[in-house]
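Structure, as structure tokens:
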Amino acid sequence: MAKRKAYPSDLSDAAWAKIEPVLPKQRTGRPRAHRPRELLDAIWYVLRGGIAWRALPHDFPPWQTVYSYFRMLKRGGLWEQLTDALREQVRQKAGREIEPSLLIADSQSVKTTEKGGRAASMAAS
């Protein structure tokens, strides 16, 4: 199959080099019909463009295949792993500790009840 023209949402070679080692390895059995990078480029296209899976252009793998790969990675915790790895790199580059050491919660971001104390936990009469 001929190589498709690149989209702005496609992974750069540098980004791919960081992501590839984290991806699940090929299991035994039938070889994959589509390369993981192809599938990730399609996922980025959908997510960055805010489009429906079914609206994926025809020069990508079938939308059902792309969506199945996305779900497999989500269930396997890959998105969290990637987010954690990227956060660590950004923090390290900024000269900070890899793990945040402080959490700030203010009254605007923490849900509370309208009434405090016992009144909040008692049934209305």
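For segment 1-96, the spread of Cα coordinates along the three principal axes comes to 44, 33, 24 Å, biggest extent given first.
The phi torsions of segment 3-11, fed into the Karplus equation with coefficients 6.51, -1.76 and 1.60 and a -60° offset, translate into couplings of 6, 7, 5, 6, 9, x, 7, 4, 5 Hz, rounded to whole numbers, with Gly and Pro shown as x.
No lab work stands behind these numbers, since they all come straight from the coordinates. None of these values were measured; they are calculated from a predicted model.
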